[in-house]
Amino acid sequence: MNLSNLTPAEGSVKVRKRIGRGSGSGLGGTSTKGHKGQKSRSGYSKKIGFEGGQMPIQRRLPKFGFKNVNRVEFKAINIETLQILAESKNLTKVGVAELREAGFLSKTALVKILGKGTLSVKLEVEANAFSKSAEDAIVAAGGTVVKL
C-alpha cells in the first residue's frame, strides 16, 4: 500500500451532471427543464406562498388576533428544580443569580416559581413572580419568599 493506489470509498464521489452542453452530451436541448414555460427560464424562482396565480391562502383568509405589546414573558422554574439545586450545591438562598449560574436562565430572563413537586429544605427564594401554590409550599417548608 502506498499513496499511488489510494482511492475514495465506493459511491462516495459522484460525477456532477453538466447540463446544457450540446445534444451529444445527452443533456442538451432543453437541459432537463422540459419545454418552454415560466419554470424553464433562467432566473426563475417561485415566491413563497405562490399558488400559480390563484389568490394565495394567506391573502384569502382574514387577519385575526393581536400581539400584546405589554406582555411580560417569565421563565418558569418549578420548586422541585429548586429542591434539586439546593441539595446538590448546599444552598440556603436561591435567587436569580444562582439560577443563572446553574444554567436555567439567560441574562435578561425574568423568573416565575411554580408549585410542581415538593420542597423539604428551608430556602429563601428570590424571584420576579410566584404562583400561589409555590409560595404556600415554600412558606410551609419554613422558607421565605422575596419578590423582586
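When the criteria are applied in full, I113 fails the requirement of being of a type in the set (A, V, I, L, M, F, W, C), surrounded by fewer than 14 Cβ atoms within 10 Å (Cβ to Cβ) and without any contact (Cβ under 8 Å) to a residue 40 or more places away in the chain.
From the residues in segment 83-101 that are in contact with a Lys or Arg (Cβ under 8 Å, 6 or more places away or on another chain) and not acidic (D, E), which one is modelled with the highest pLDDT?
For segment 83-101, the residue satisfying everything is R100.
Of the residues making up segment 107-148, those that are among the polar types (S, T, N, Q) and touching a strand residue (DSSP E or B) at 6+ places or on another chain (Cβ under 8 Å) are N128, S131, S133, T144.
Residues checked against (1) over 30 Å from T144 (Cβ atoms); (2) touching a Ser or Thr at 6+ places or on another chain (Cβ under 6 Å); (3) assigned to a loop (DSSP other than H, G, I, E, B):
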position	(1), (2), (3)
G28	yes, no, yes
K36	yes, no, yes
I48	yes, no, yes
N68	yes, no, yes
V72	no, no, yes
K107	no, no, yes
T118	no, no, yes
V125	no, no, no
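Given the condition surrounded by 10 or more Cβ atoms within 10 Å (Cβ to Cβ), closer than 30 Å to G142 by Cα and within 35 Å of the chain's Cα centre (by Cα), answer yes or no: does some residue in segment 43-51 qualify? Outline the logic, then answer.
Taking segment 43-51 and keeping what is surrounded by 10 or more Cβ atoms within 10 Å (Cβ to Cβ), we get 44, 46, 50-51.
Narrowing further to those that are closer than 30 Å to G142 by Cα: none.
No, segment 43-51 has no match at all.
Is at least one residue of segment 81-97 closer than 30 Å to G20 by Cβ, in a loop (DSSP other than H, G, I, E, B), free of Cβ contacts under 8 Å to residues at least 12 places away in the same chain and not aliphatic (A, V, I, L, M)? Checking segment 81-97: not a single residue is closer than 30 Å to G20 by Cβ, in a loop (DSSP other than H, G, I, E, B), free of Cβ contacts under 8 Å to residues at least 12 places away in the same chain and not aliphatic (A, V, I, L, M). When you look at F74, is it at pLDDT below 95, surrounded by 14 or more Cβ atoms within 10 Å (Cβ to Cβ), closer than 24 Å to E135 by Cβ and within 24 Å of the chain's Cα centre (by Cα), yes or no? No; evaluated as a whole, the condition is false for this residue. Pairing each residue of segment 32-55 that is without any contact (Cβ under 8 Å) to a residue 12 or more places away in the chain with any residue that is surrounded by 10 or more Cβ atoms within 10 Å (Cβ to Cβ) and hydrophobic (A, V, I, L, M, F, W, C), provided the two are 6+ apart or on different chains, yields C-beta distances under 9 Å for K33/I19.
The values are calculated or read from the model by the stated rules, or taken from the named source; none is laboratory data. Keep in mind the model is a prediction, meaning the values are calculated, not measured. Here the Cβ is made from the backbone with ideal geometry for all residues, glycine too, and neighbour counts use every protein chain on show.
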